[in-house]
Every structure is written in C-alpha cells, then in structure tokens.
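The structure appears below as structure tokens.
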Amino acid sequence: MPQLKHKVIAWDFDGVLNANVRDGIFLWMTTFEEDTGLSIKSLASYLFSGRFQQAMVGEADLHELVGSWAEAEGVPHRAGEVLDYWFDKDHIPDEKTLSLVRHAREAGAINVIATNNEVYRADWIEEMGFGEHMHDVFAAGRMCLAKPDLAYFRHIEEALGYRGRDVILIDDMEENVEAARRHGWDAHLFTPDNHDEVAKAIGL
C-alpha cells in the first residue's frame, strides 16, 4: 500500500478530471456553431464578458442568462438546448486522472472536487458520475466563493476538518496553485501529460 503524502486531495474539474480543455479553449465551443447553427461568438461575448463569472459565484442564474441571450438572438425556445449541448459535449473524463483518484481512495485519501463551476454544472458533474469517486464536491456557485480567493480554501478546510499541508490541490491554473500554496496547502500544477508527476506528488 503506497504511503500518501496528504489526507485530502482536492481535484480541479475542468482540464484535470475532465479533459475538455485544449490550448486554453473549451472543446465544446469549437463545434457549437456547426452543430447548433447558433453563433458561438455571440454567445461567448454575451456570457463570458462577466455574466458567467457572476453565475459562477451565485450572483446570477446561468439558465436565466442563457435564456436572455437566446431571446435576444430570436431563439428563446433553444435556451435549454444550448445548456444541454454545452454540458453533454463537455463530458470528456480523463481516465488517467480518474485512475489516480481511485488508487488514492484505495490508499485512504479523501478525494474532493474543488471547482470554479456554478450550481447547474456542479449538479451535472455529480449526475454524470464524477461524484461517485469523491467524498464531496466543492463548487464556487454553491460556496459563493471562487479560486483563487483564499476564503475558498478556508471553506473547504472548515468543511473537512483538515488544513494546511494535510491538503494538496491538483489544478491546471497557475494562479490557483499559487493561491493554495499561499494559504498553506501543497499544490501541483496539472498539465495533460504529467499524470506520472501527479502520482509522485500525491505519493502513489
């Protein structure tokens, strides 16, 4: 049995557990226009210019935002379809990462998801099976806090009863890794080809 270095492993979702990001671009966006006939440029400029960030921390409702955009585009009946497409196309589990999660759990680690996702997508993450591997799912929309805010890390500590170097964050964003380290956690920057380094960082 491997000797793990941490009590808790906090896994980022997008780009870590879910291989849905390539060169900083979410893959669902690359096929959206061809598959739906709707403008990804219009959706992105409306949603990702601050509105999604509000939804991410519980200050706005993603369904309502997409509905407002769809109505402005003249396709109000397609708001639900847009979200269904987004979430379904975004389901690209990284099996190598999930294998590490399973081995860590077998070795006694508490695995949690620590993600900057709003509430609807947090629910979807659990419904699509990722939650089965986890002790808990900590999502920005539920917490009304987002990485790299240090209060995000304090919230997780208070919920789990572990703190400092008992916890390691695996994340693909440098600013989140740096923030976790400032807070006193261990942290490892994830890239798509460094699963062996992640295994070493967590003691597998």
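What the table below lists for this structure:
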quantity	calculated
Mean residue ellipticity (222 nm) of the chain, computed from DSSP H runs ≥ 4 via -39,500 (n - 2.57), nearest 500	-14000 deg cm²/dmol
Gyration tensor (alpha-carbon) shape descriptor, the range 103-204, a/c threshold 1.5	rounded
The range 110-204 - percent relative contact order, Cα under 8 Å, separation 6 or more	20 percent
Electrostatic dipole magnitude of the range 55-174 [Cβ: Lys, Arg +1; Asp, Glu -1; Cα centre; debye, to 20]	480 debye
For the chain, built as a Gaussian network whose Cα springs stay under 10 Å, the top-fluctuating residue of Ile168, Ile40, Ile125	Ile40
Dipole in debye (nearest 20) - the range 47-109, about Cα centre, beta carbon charges: Lys, Arg +1; Asp, Glu -1	300 debye
Selected from Asp171, Asp12, Asp123 as most flexible by GNM, with the chain as the system and alpha-carbon contacts under 10 Å	Asp123
Three-way shape label, the range 156-204, alpha-carbon gyration tensor, a/c 1.5	oblate
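Quick note: the coordinates plus some simple rules give every number you see, no bench work behind them. For clarity, every value in this text was computed on a predicted model and none was experimentally measured. All Cβ positions, glycine included, derive from the backbone under ideal geometry; neighbour counts span all protein chains shown.
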